[in-house]
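So the structure is just underneath, and the comments pick up after that.
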Amino acid sequence: MSLPSFTTPAYGITRIVQHTTMDEAIERVTTSLGAEGFGVLTRIDVDKTLQAKLGVEIAPYVILGACSPALAQQALQVDPGLGLLMPCNVVVATQPNGDIVLSAADAPSLFKALDEATQAKLRDLGLEVRAQLARAIDNA
């Protein structure tokens with residue numbers, strides 16, 4: 001079983017990388033995230049999990065849970081419930097054609113689930129998270 005080609009979701013920041021391996025892409029995006037103040041707290045190898053739990057094979061697909069402690073602290077000061085949207089997920093996946101997809105969750109899009117007053121308080125923070133993650137994806 002294979003997944004369909006990864007498209008550019010409206011709720012993500014996505015880039016296609018050619019002529020690299022999955023391991024190289026993960027290393028590059030992890031380094032790039034670090035340069036923007038994000039650390040990778042978690043790694044979920046979705047392909048390996050699906051194989052182990054369901055016997056289903058898909059192309060390599062990894063979710064990295066990235067966190068900027070400074071930005072996280074600011075967000076939690078506004079609404080402690082925002083921990084439900086943390087950490088920032090970054091997907092590194094192999095396309096059917098062998099290209100690698102890098103995609104990060106877009107904070108302002110995720111914040112649309114919040115009430116208008118909270119969205120207004122988080123506007124600048126969300127834009128900063130978006131800018132930092134976009135740079136990390138672009139520079140990976």
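Since every read-out is calculated from the coordinates, none of them should be taken as a lab result. Because the structure is a prediction, the values reported are computed rather than measured. Positions of Cβ are backbone-derived with ideal geometry, glycine not excepted, and every protein chain shown enters the neighbour counts.
What is the P(r) of the chain, as percent of Cα-Cα pairs per 5 Å bin from 0?
The distribution over the chain is 2, 10, 20, 22, 18, 13, 9, 5, 1, 0, given as percents.
Helix-derived [θ] at 222 nm for the chain: sum -39500 (n - 2.57) over DSSP H runs of at least 4, divide by residue count, nearest 500?
Using -39500 (n - 2.57) per qualifying helix, the result is -13500 deg cm²/dmol.
Can you give the charge dipole size of the range 24-92 about its Cα centre, rounded to the nearest 20 debye, using +1 on the beta carbon of Lys and Arg and -1 on the beta carbon of Asp and Glu?
Once rounded to the nearest 20, the dipole reads 120 debye.
Let me make sure I get this right: for the range 67-140, a, b and c are the square roots of the gyration tensor eigenvalues over alpha carbons, sorted descending. Under 1.5 in a/c it's rounded, otherwise prolate if a/b > b/c, else oblate. Which is it?
prolate
Taking H placed 1.01 Å from N in the peptide plane, check which residues at least 5 places from Thr21 or on another chain put their amide H under 5 Å from its amide H.
none
At 30 angstrom or more along the helix axis (alpha-carbon based) and mean Kyte-Doolittle of -0.5 or higher, what helices does the chain contain? Whole DSSP H runs only.
TM-like helix candidates: 116-139.
Please give every one of the lysines within straight-line cross-link reach of Lys112, meaning a C-alpha to C-alpha distance under 24 Å, and leave out same-chain neighbours fewer than 8 residues apart.
Output for Lys112: Lys121.
Determine the shape class of the range 23-90: with a ≥ b ≥ c the square roots of the Cα gyration tensor eigenvalues, call it rounded for a/c under 1.5, and otherwise prolate if a/b is greater than b/c, oblate otherwise.
Oblate is the answer for the range 23-90, as a/c is 1.5 or above yet b/c matches or exceeds a/b.
Which of Cys88, Cys67 comes first, and how do the rest follow, when ranked by fewest Cβ neighbours within 10 Å? The partial results should precede the final answer.
Values: Cys88 25, Cys67 17.
Ascending Cβ contact count within 10 Å gives the list Cys67, Cys88.
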